[in-house]
Amino acid sequence: TVVSASSSDRQSCGPLLMLAPLRALSAYNFFFRDERDRILHGGPMELTLTKQHRLLQEHRCQDRTKRRRHRKTHGKIDFTTLSKLISKRWKDLPEDQKAFYRQVASLDWDRYRMELSEQMSSSTAATFVRTGSNSFVAVAG
């Protein structure tokens, strides 16, 4: 099942300004987010369609119109240690479990390509402008 954003799901930013499609994440990026949650909040590894849908929804439904507020650190583990631990777990992860995250990434890539083609067909002369560290807007010209 491909989860994609329909035009009714997207926020409109006015006639001349629209958000560029959210870039697709890699399998490792999805694993990193999932494993970080598991380390900080506990819980078992579940590789189900429900989990797949939740990972895609969490990525797609980010509010990119406003700058993210600074979060107070959780104090459980520093980022360097966390990233080293997660990268080791990814390296040791069995192929069948990596395949789950690769499938999630593939679905996200399909969503990205579909949204990009929809946007390019609706605005033939759009120029993308960087508005933040991860945000782009298309300015119709």
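The values are calculated or read from the model by the stated rules, or taken from the named source; none is laboratory data. All values reported here derive from a predicted model rather than from experimental measurement. Cβ: placed from backbone, ideal geometry, glycine included. Neighbour counts: every protein chain shown. Ligands, DNA and RNA are stripped out before the accessible areas are found, and what is left, the full protein with its side chains, is counted by its heavy atoms. Shrake-Rupley method; radii C 1.70, N 1.55, O 1.52, S 1.80 Å.
The residue of segment 90-112 that is most open to solvent (accessible area, probe 1.4 Å), among those that are part of a helix (DSSP H, G or I) and of a type in the set (A, V, I, L, M), is Ala99. Restricting to segment 67-89, give me the number of residues that are at pLDDT below 90, over 21 Å from the mean Cα position of the chain (by Cα) and open to solvent by 60 Å² or more (accessible area, probe 1.4 Å). Selection size over segment 67-89: 6.
For segment 43-61, a residue qualifies if it is closer than 13 Å to Gln97 by Cβ, charged (D, E, K, R) and open to solvent by less than 60 Å² (accessible area, probe 1.4 Å), and exactly one does: Lys51.
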